[in-house]
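Only one structure is covered here, and it is reproduced in the block below.
Since every read-out is calculated from the coordinates, none of them should be taken as a lab result. Since the model is a prediction, treat every value here as computed from it, not as a measurement. So basically every Cβ, Gly included, is an ideal-geometry build from the backbone, and we count neighbours across all protein chains shown.
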Amino acid sequence: MLGITNFLIRHLLNFFFGTAMFIIAVAQFSRGFFDLPILSVAIIASILTYIISNFVIRSIQKFKRMKELGFTRSEYNHIESQLKQAKRYINLLTQQYIRVRSIRSFKLINEMTKLSRRIVNIVQANPQKFYAVEDFFYSHLPSAVQLSRNYTTLVQQQIKDADVHFALEDARIAMKKLQGSMEEDLKSALASDLENLILELDYVKLEQEKKQLDYRRENP
């Protein structure tokens, strides 16, 4: 949720502080203040500085991000944990690719995976959209993973039985419905962006009409 920019800034600063500590440690220990191998102590000091720096800077970045979003710490942590869980679910979905035995089923699971990635990326970039797609995180994605796993497990058994066939068909229908639900989730995630775009287009249209009217008045 902090984004790639914060990640790069944080680790560049960590590297700077770690390197600075390494140089300071080498300079101090080379004067004979400590009777320990200089390089080993300097490396340990540098690593510890890097770790501490990373923790402190990340905490500051996280606090600033929470203020920008208007979230409490618990809200921020909850959404962050939901995003991490969603990414784990998506990894489980992708693992089902090699287990399916039909192109139709592969396409279905692949489509759910792509929709899931898009929704997660949108919420990652704008965490406030989480509340517009809560059902995706709490219900639709977990159900898709569970259904696809059960489906592929049953398919791999290669049991030629009417009951199994009907169960597999029911599972496909259920996954198709979940795909539809995910498409609606994606629309919900993009709804505010669409509204803003429409408003911008309306504004541009009004401005153009105003300019045309002004031109006609000035050039009767």
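Pull out the extension gain between F106 and Y138, defined as 0.36 nm times the separation in residues minus the alpha carbon to alpha carbon distance; nm, one decimal.
Contour length minus the Cα-Cα distance gives 9.1 nm.
How much length would be gained if the chain were fully extended between N54 and R149, taking 0.36 nm per residue of separation minus their Cα-Cα distance, in nm to one decimal?
That works out to 30.4 nm of additional length.
Ordered by residue, what ³J(HN,Hα) values in Hz, to whole numbers, does region 154-159 give under the Karplus form 6.51 cos²θ - 1.76 cosθ + 1.60, where θ = phi - 60° and Gly and Pro are x?
My calculation for region 154-159 gives 5, 4, 5, 6, 6, 8 Hz in order.
Among K62/K84; K129/K187; K84/K177; K62/K114; K67/K87, which pairs are too far apart, with a Cα-Cα distance over 19 Å? Could the numbers behind the result be given before it?
Details: K62/K84 16 Å; K129/K187 11 Å; K84/K177 25 Å; K62/K114 28 Å; K67/K87 25 Å.
Beyond 19 Å between Cα atoms: K84/K177; K62/K114; K67/K87.
Label-point separation (nm) for D161 and Y131, each offset 7 Å from Cα along Cα-to-Cβ?
Simple spin-label model gives 4.9 nm for this pair.
Quick one: L12, L115, fewest Cβ neighbours within 10 Å first, how do they rank?
With the sparsest Cβ surroundings first, the list reads L12, L115.
Just rank Y131, Y97, fewest to most, by other beta-carbon atoms within 10 angstrom.
Starting with the residue having the fewest Cβ neighbours, the order is Y131, Y97.
Near the amide H of V133, under 5 Å away, which other amide H atoms are found, from residues 5 or more places off or on another chain, if H is placed in the peptide plane?
Those lying under 5 Å, H to H, from V133: there are none.
When you count, for each residue, the other Cβ atoms within 10 Å and take the mean per peptide, how do 178-191, 63-76 rank with the highest first?
Order by mean packing, descending: 178-191, 63-76.
Suppose R0 equals 25 Å; then what is the FRET efficiency for T94 and A174 from their Cβ-Cβ distance, rounded to the nearest 0.05?
Calculated value: 0.80.
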